[in-house]
Amino acid sequence: MSEIIPLFRVFDEMKAKEFYIQYLGFTLDWEHRFDDSAPLYMQISRDSLKIHLTEHYGDCSPGAAIRVDLVGIEHFHEQLIQKNYPYSRPGIEIAPWNSKELCVIDPFGNKIIFYEES
């Protein structure tokens, strides 16, 4: 086994792209629909992290959470704040286990917790 790719359920293609690509800085790798009226399935990536975003009923439940190890969390935080995204203004917190953590929640209730070990 070599990698895990999390799936997040999304409900609005434009909101998903605004959040993940414009705000968080992911790249759209590919997208797929069985036909023009079919739900969207796409892969996004940033560095070595890949996430699949799916509109397909039954692929997964909204409200999932993942933890992502990130070196340079303060720089990443500053990048997010400078974008002045109106729906998210995350802060950095020190967890009881002493890691720095930055939590973002997408428009569909999915959570990404970026963390950096101290």
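Placing pseudo-labels 7 Å out from each Cα toward the beta carbon at Tyr87 and Glu74 gives an inter-label distance of 3.0 nm. Helix 73-82 and the longest principal axis of the C-alpha atoms of the chain enclose an angle of approximately 70°.
When +1 charges are put on Lys and Arg Cβ atoms and -1 charges on Asp and Glu Cβ atoms, the dipole computed for the chain relative to its Cα centre reaches about 220 debye.
Can you tell me which lysines have their Cα less than 17 Å from the Cα of Lys83? Leave out same-chain residues fewer than eight positions away. Cross-link targets: Lys15, Lys17.
Note on the chain: Cα-Cα pairs beyond 23 Å make up 31% of the total pair count. Relative contact order of region 21-71, taken over Cα pairs closer than 8 Å and 6 or more residues apart, is 25 percent.
Our summary gives the chain a relative contact order of 26 percent, counting only alpha carbon pairs under 8 angstrom and 6 or more residues apart.
Adding -39500 (n - 2.57) for every DSSP H run of four residues or longer, then dividing by how many residues the chain holds, sets the calculated 222 nm ellipticity at -3500 deg cm²/dmol.
We did not get these values from a lab; they are worked out from the coordinates using the rules stated. The shown structure was predicted, so the numbers you read here are calculated from the model rather than taken from an experiment. Backbone-built Cβ (ideal geometry, glycine too); neighbour counts: all protein chains shown.
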